[in-house]
Amino acid sequence: MAHLRKFEHLKIQIDAIISATNNFADESCIGSGGFGRVYKGTIAGFDGHPMVALKRLDRRLAGQGDIEFWKEIMMLPLYKHDNIVSLLGFCDDCGEKILVYEYVPNKSLDYYLASDNLRWIRRLKICIGAARGLAYLHSPVGTQERVLHRDIKSSNILLDQKWNAKISDFGLAKFVSANHKYTFYYSNAVGTLGYLDPLYAETGLLTKESDVYSFGVVLFEVLCGRLCFASEKDRRPPLIGLARESYEQNTINEIVYGNIKQEIHPESLQVYAKIAYQCLKRNREERPSMRVVVEELETALSYQYVRATRPEDIEEYASSEGGGWLVVTIHEANNLEGKHPFVILRVGDDIKRTTTIKNNRNPVWKETFRFTLEKPTKAILHLFVCSANWNGKLVLGDVEISVADVVKEKQMNNRYNIGNGRIHVELQWESSALPLKAKPKLLQFMSSVARFMVAVPHIDKSGKIYIRA
């Protein structure tokens, strides 16, 4: 396997694996599947991932094997995305085949389908995350190939500590060419019954729309709070046939999971059910792309925000598209190069500035500013550290901070490098319980023009950056 040499840096010695799992002790086991048992442990050297999950091949199972093992090693390092589980390493010593992933503590989505604690906004956000991950796989990423997963199901959607969705288990995935208008691949149909595209099962013709069908099944599982297949004790009809019938007869509300039925905004339900139904179309040309699925789920989330009244629901939405306030405190700076320092802060058209501290390379401000934001996840805080002199306002350095990161962390307390010095900035996000009203358009336009004249940097002939007074 000469083509696998480029992944040698991911190789982990068996001794480290045995130490991390206490020699594969039962108390370290956190689950099992078609590949084998999954263990939790600690391996040094993975920045940001002190805890890892280790999947050990069990050759006694009639499931996956060597082919699936090497496929994940070849695939996952090439496809990195917030909504795809990260492969950290592997071990193939002493006859073992072990895959090492980032540890995702909240297990998989199937555990929570019938959970009363998984409210509708959180369910929507999980579906949006998984849809984004799958859309990324279906899009060529620096190559002329796309990835078809072939085993999308709720048990393969993992949830991290913040309930972000991560697609996992790529043992059955296929690389296919993306050079043609229609991408397809003939193979023996594989996957999981209930999620498997019937057209793929019948013809062996695999397309990206086969994954779309499987994702549609997951969407209805999330909506109805149950798996697509029934256990022996469950006398309810199969979910997918029931879902199709309910949608066509306009009775979809009757099959919504009881705990969330009362909280779903009717338009959110309508948009969600429609896109889920379209995913299950018999004719693959009538199924939407995953990009369209993402857009429609985001629309369903925006409708749901109108209905949100509980504090926890508001907080859920605020981390995606809710309004609120960015609170910025400028504390102090050290070793600034210029005289008379001050700071300009800009978010969109809203511009604020600190007082000017005269003749001090180590100024202390402790000044707090508030920015009202309707769309925090798309906003950027631009922070210019300036020095006033006879020639204008010299920019000593600037920093760009994603407001989405502040929303996610709720509070950030950082020191940023400015030339040879540093500046201490504290950021905090405060969610609004109600949609925020924008300024009247005329006032907003006039304000933008006035601030544009002040806050746009320009460069003089020597290459120094200035901001107009």
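Nothing in this text is a laboratory measurement; each read-out follows from the coordinates by a stated rule. Quick caveat, the model's predicted, so the values are computed rather than measured. Ideal geometry is used to build each Cβ from the backbone, glycine not excepted, and the neighbour counts take in all protein chains shown.
Roughly what would the spin-label model give for Met412 and Gln262, points 7 Å off Cα along C-beta, in nm? Calculated label separation equals 3.9 nm. A Förster distance of 25 Å, applied to the separation of the beta-carbon atoms of Gln161 and Leu78, puts the FRET efficiency at 0.45. Computed 3J(HN,Hα) for segment 167-173, one whole-Hz value per residue from the Karplus formula 6.51 cos²θ - 1.76 cosθ + 1.60 where θ = phi - 60°, is 6, 10, 6, 9, x, 9, 5, glycine and proline marked x.
Ranked by the mean number of other Cβ atoms within 10 Å of their residues, highest first, the peptides 198-205, 73-80 fall in the order 73-80, 198-205.
Judged by the mean number of other Cβ atoms found within 10 Å, the most tightly packed of the peptides 104-110, 234-240, 85-91 leads the ranking 85-91, 104-110, 234-240. Charged side chains reduced to their Cβ positions (Lys and Arg at +1, Asp and Glu at -1) give segment 2-102 a dipole of some 220 debye around its Cα centre. Amide hydrogen proximity for Ser32: with H placed 1.01 Å from N in the peptide plane, the residues at 5 or more positions away or on another chain lying under 5 Å are Val38. Label-to-label distance for Lys233 and Asn362 is 6.9 nm, based on points extended 7 Å past Cα in the beta-carbon direction. Read phi for every residue in segment 396-405 and hand back ³J(HN,Hα) as whole Hz from Karplus 6.51 cos²θ - 1.76 cosθ + 1.60, θ = phi - 60°, with x for Gly and Pro. Result, ordered by residue: 7, x, 9, 9, 10, 10, 6, 5, 4, 5 Hz. A full extension of the chain between Thr203 and Glu430 corresponds to an added length of 76.4 nm, given 0.36 nm per residue minus the alpha carbon distance. Taken one residue at a time, the phi angles of segment 331-347 give Karplus couplings (6.51, -1.76, 1.60, θ = phi - 60°) of 8, 8, 10, 9, 6, 6, 7, x, 8, 6, x, 8, 10, 10, 10, 9, 10 Hz. Gly and Pro are set to x.
Annotation: amide H of Leu206 within the under-5 Å range of Tyr185, Tyr186, Ser187, sequence separation 5 or more or interchain, hydrogens built in the peptide plane. log₁₀ I(q)/I(0) of segment 109-318 at q = 0.10, 0.14, 0.16, 0.19 Å⁻¹, via Debye over equal Cα point scatterers, no solvent, to two decimals? Once normalised to I(0) and log-transformed, intensities are -0.41, -0.81, -1.06, -1.46.
If you bin all the Cα-Cα distances of segment 214-301 at 10 Å, starting from zero, the percentages per bin are 17, 52, 28, 4.
Legend: calculated FRET efficiency, Asn335 to Ala114, from the Cβ-Cβ distance at R0 = 60 Å, rounded to 0.05, equals 0.55.
Distances between placed amide hydrogens fall under 5 Å for Ile84 paired with Ile167, all partners being 5 or more residues away or on another chain. Note on segment 2-102: semi-axes of the ellipsoid equivalent to its C-alpha gyration tensor, largest first and rounded to whole Å, are 19, 17, 14.
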